[in-house]
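**Student:** I'd like to ask some things about the structure below.
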Amino acid sequence: MPHKIDLEKFMLHNFHFNVPVEKFAQLTGRSLAAFKRDFMKTFGTPPRHWLQNKRLNEAKHLIENKHLTPSAIYLDLGFESLSHFSHSFKKKFGKAPTALMQARSLSNIQ
């Protein structure tokens, strides 16, 4: 097994990859149990929850500031389908990613 690498640095650089938590554990040189334990110590939240939040926050940033469309970014952020991405986005932010784009477009017109 490879030596343990810096978990925080690794996750901040690789969160967007659609990789199971078990694979992240392996890639950081940890068993799944050690990965989850170290992750909680480092980030204060379980890996799956952190990954989803990190990916959704990045998506919001890309839509609002980089003017990218949901269909252009969902795969790059580790979501398997556009519908899952849209549903998760709406659950977290209270509006669909397309509504965020429309709001941005309207504010550009005014």
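Any read-out appearing in this document is the output of simple, stated calculations on the displayed coordinates, not a laboratory observation. Computed from a prediction, not measured in an experiment: that's the story for all the values here. Neighbour counts are summed over all protein chains in view; Cβ atoms, including those assigned to glycine, are modelled from backbone coordinates with ideal geometry.
**Student:** Counting each DSSP H run of 4 or more residues in the chain as -39500 (n - 2.57), what helix-only mean residue ellipticity at 222 nm follows after dividing by all residues, to the nearest 500 deg cm²/dmol?
**Tutor:** -20500 deg cm²/dmol
**Student:** State the Kirkwood hydrodynamic radius of the chain in Å, one decimal place, computed from all pairs of distinct Cα atoms.
**Tutor:** Evaluated on the chain, it is 15.0 Å.
**Student:** Further, regarding this structure: About the Cα centre of the chain, what is the dipole size in debye to 20, counting +1 per Lys and Arg Cβ and -1 per Asp and Glu Cβ, all else neutral?
**Tutor:** My answer is approximately 300 debye.
**Student:** Of 74, 61, 96, whose Cα points farthest to the positive end of the dipole of the chain (charges on the beta-carbon: +1 Lys, Arg; -1 Asp, Glu; origin at the Cα centre)?
**Tutor:** 96
**Student:** Among 66, 54, 36, which one shows the highest mean-square fluctuation when the chain is modelled as a Gaussian network with alpha-carbon springs under 10 Å?
**Tutor:** Comparing 66, 54, 36 in a Gaussian network model of the chain, the most mobile one is 66.
**Student:** Over the chain, what is the mean sequence separation of C-alpha contacts under 8 Å (at least six apart), divided by residue count, expressed as relative contact order in percent?
**Tutor:** Answer for the chain is 23 percent.
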